[in-house]
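Have a look at the structure below, then the notes.
The values are calculated or read from the model by the stated rules, or taken from the named source; none is laboratory data. Computed from a predicted model, the values in this text were never measured in an experiment. Quick reminder, even Gly has a Cβ in these numbers, built from the backbone with ideal geometry, and neighbours come from all protein chains shown.
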Amino acid sequence: MTAGCKKDQEAQNVTGRQVKRSEIKSRLAALYQVFGDIYGSEKLVLRASKLGVLNQVRSNRLGEQVLALQKLIQGDPTLEKPPRIAEIPEILDDLEDELAQVVARRIVEEELERKIAEKVQERQEQYLNDMKVQVLKEKGTPENAITLKKLALIEKMRTVHLNASVSEILRPQSIGEIIGQERALKALIAKLAAPYPQHILLYGPPGVGKTSAARIALQHVKSTIGGPFQDDAPFIEVDGTTLRWDPRDITNPLLGSVHDPIYQGARRDLAESGIPEPKVGLVTEAHGGVLFIDEIGDVDPILQNKLLKVLEDKKVVFESSYYEPSDPMIPEYIKTLFEEGAPADFVLIGATTREPHQINPAFRSRCAEIFFDCLTPLDIQKVLRQAARKLGATLGRGLAEAISEYTIEARKATNILVDASSVARYRQKKSINSKNIRVTLDDLQEVLQVSRLTPYVTAHAEPKGEVGRVFGLAVAGFQGTIIEIEAIAFPAVKERRGTVRFNDAAGTMAKDSVFNALAVYRHVTGRDAADFDIHVNIVGGGRVEGPSAGAAIFLAIYSAIEGIPLRQDVAVTGELSIQGHVRGVGGVTEKIYGARQVGIKKVLVPRENSRELPGELWGVQVVSIDKINEAFSHTLNLENAAGNTRVNIYSMPENTPEEKIGVPENTK
């Protein structure tokens, strides 16, 4: 080889080495760049410092730079000798592979971290939402801004208060404030204080204190007598007319129901698991205490039968096709309610304004029965004076007596007084805080005119005699009242062609009593009523349910034909048989009370009803009779009959078969 060729070859080798060195530098710089991108420039410097290769990284010699890169990537501090130039490409290939693996692992780790972070964020948000809902549920607050705004509005409304309702102020609070029902209240307390208390039915007209008496009786028994009730025994009150329930038992506020998870919306956590949720009713809330049902006669008959089952079992049984006993996710209280039932051991007190025969016989057979009396005018006056003290009002002269003529209900009487006191306050320009209000008869008169009230009693007994007029007795809704019966008789225009007229509105049974009375008149006197035109009238056109006015109708006809006055302070009740017997009737206690209301001094009742006479007769003389002739000495006013022309014309024959029944000697 010539010298020139050698020079050319050497030049080419130098150029090759320069190109190779340049490539190595480029690759080395790229690897440093990738490594820096992976770890960051700050971490790169920090890692180099820890490995002691910071100077080698900054060196101008390729071998030292490669050695530093090896230590940085491989993390091997034992490498001390820099590689030769010829070894560097192979080392760089290995380092590229290791960096590729690091980058791939880093990408996978970042992706996993991203997904993990997303899942964690999602779970965290769900957890926070659940916690918010739980906190809202615990606080009983709404779940959104709209309902919170409505809640704030309601809370603002609650800060505005008018005075307490008058019913709360005037409601009896103690035994001494129950007026006119001493016997009923005593019987009620005795039954609640017994070792084995019975269920109770309270009968009586509205507004006489049945609900208040039941509530006060329970409090009295708990506080003084003890009995079977604990100090925290509940008094659950419900109105039977408002009890609504679904025959499918979807809802039943009285006995309880089951909220199935699909159709009825049980709690969310239960619905998601398909678990039915029992909801206990009022019978369970009354456990250990008293369940008071007002107007129990208006409760649905099917619901009454279900309630009877609860009274027998002392528990409520729940059923649901969604209940699975083996489900481990069912809460223990739900399992207990389904398998053992909800406890319902209570005393039932039912109040009603209906007659006993209108109440379910199954209830009556399981309950003790207590009858509340109507309030007398004196009772109403006591109620009014008690209410006046609570209202801070003064009653003018005769005001209580005047109000007592317009109602026999304590509630109605106090309402009239409250209206009159309001009129008086307005008239006297008194502030609402003033307690010195005097209510006068003028204030009452304004209330009566505006409310268009009429006196409850329109007829009053008088100590005088009157021909053809007598007071009978009747009962309507536990309220005794009088029936004013009048009769008039004229000689028939044609002999033996007399007529009888009677107002049809009184009813067919009362009309039958008229014909019975005519037969008894002939039986007693021996004369035929066909010789007279007779007109019998029930004053006011009221309907007479039952034959209890028969005896009174006979006396009115007898008085009209014979011209003998009847005492106007005596009332009569009893069915009249065609044999002249006075048969038993119902509602004797209420009738005696009704007679007392109008000032009747004496009441004639059938002897068959003697055992039913109340212990308290309210100052009325009660006489038991068996035959109608026994009524003559109590009803006929013979002193005023002496100058009556008709008595002289129609004298009764002597020695007739009717004398076995007989009439007073001084009427013959």
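Points to keep in mind about this one:
- Residue among Ala474, Ala461 that alone is outside any loop (DSSP other than H, G, I, E, B) and either touching a residue at least 12 places away in the same chain (Cβ under 8 Å) or within 34 Å of the chain's Cα centre (by Cα) (or both): Ala474
- Here Ile169 qualifies as over 30 Å from Gly36 (Cα atoms) and either in contact with a Pro (Cβ under 6 Å, 6 or more places away or on another chain) or at pLDDT 80 or above (or both).
- Pro206 vs. criteria in contact (Cβ under 8 Å) with a residue 40 or more places away in the chain and over 22 Å from the mean Cα position of the chain (by Cα): no
- Annotation: Ser212 fulfils all but one of (1) in a helix (DSSP H, G or I); (2) without any contact (Cβ under 8 Å) to a residue 40 or more places away in the chain; the unmet one is (2).
Each row is one residue, and each column tells you yes or no for (1) farther than 22 Å from Val603 by Cβ; (2) of a type in the set (Lys, Arg); (3) modelled with pLDDT of 90 or more.
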residue	(1), (2), (3)
Lys429	yes, yes, no
Ile432	yes, no, no
Val447	yes, no, yes
Thr454	yes, no, no
Ala459	no, no, no
Val467	no, no, yes
Ala474	no, no, no
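- When the helices (runs of 4 or more DSSP H) confined to the range 1-113 are screened for residues that are in contact with a strand residue (DSSP E or B) (Cβ under 7 Å, 6 or more places away or on another chain) and at pLDDT 75 or above, none reaches at least 1 such residues.
- Test: residue in the range 585-593 that is assigned by TED's automatic domain parsing to the domain that holds Val475 and farther than 22 Å from Thr407 by Cα: yes
- Residue within the range 359-370 that is surrounded by 15 or more Cβ atoms within 10 Å (Cβ to Cβ), among the aliphatic types (A, V, I, L, M) and free of Cβ contacts under 8 Å to residues at least 40 places away in the same chain present: no
- Residue within the range 345-353 that is surrounded by 20 or more Cβ atoms within 10 Å (Cβ to Cβ), aromatic (Phe, Trp, Tyr) and outside the structural domain of Arg425 (by TED's automatic domain parsing) present: yes
- Selection within the range 226-259 - charged (D, E, K, R) and assigned to a loop (DSSP other than H, G, I, E, B): Asp231, Asp232, Arg244, Asp246, Arg248, Asp249
- Restricting attention to the range 374-419, the residues being crowded, with 22+ Cβ neighbours inside 10 Å and either touching a Lys or Arg at 6+ places or on another chain (Cβ under 8 Å) or closer than 16 Å to Gly209 by Cα (or both) number 13.
- Condition check for Ala217: on the phi < 0 side of the Ramachandran plot, at pLDDT 90 or above and buried (at least 18 other Cβ atoms within 10 Å of the Cβ): yes
- Residue match in the range 431-445 (condition: surrounded by 19 or more Cβ atoms within 10 Å (Cβ to Cβ) and assigned to a helix (DSSP H, G or I)): yes
- Condition check for Ile178 on (1) loosely packed, with under 15 Cβ neighbours inside 10 Å; (2) touching a Pro at 6+ places or on another chain (Cβ under 9 Å): one failure, at (1).
- Matching residues in the range 562-586 - criterion: being touching a Phe, Trp or Tyr at 6+ places or on another chain (Cβ under 8 Å) and of a type outside the set (S, T, N, Q): Glu562, Gly563, Ile564, Val570, Ala571, Val572, Leu576
- Filtering the range 315-328 to residues that are in contact with a Gly (Cβ under 9 Å, 6 or more places away or on another chain) and exposed (fewer than 15 other Cβ atoms within 10 Å of the Cβ) leaves Glu324, Asp327.
- Subset tally (residues that are loosely packed, with under 11 Cβ neighbours inside 10 Å and either among the hydrophobic types (A, V, I, L, M, F, W, C) or touching a residue at least 12 places away in the same chain (Cβ under 8 Å) (or both)) for the range 30-62: 1
- Filtered by the rule that a residue be of a type outside the set (Phe, Trp, Tyr), in a loop (DSSP other than H, G, I, E, B) and under 26 Å from His287 (Cα atoms), the range 312-324 gives Lys314, Val317, Glu319, Ser320.
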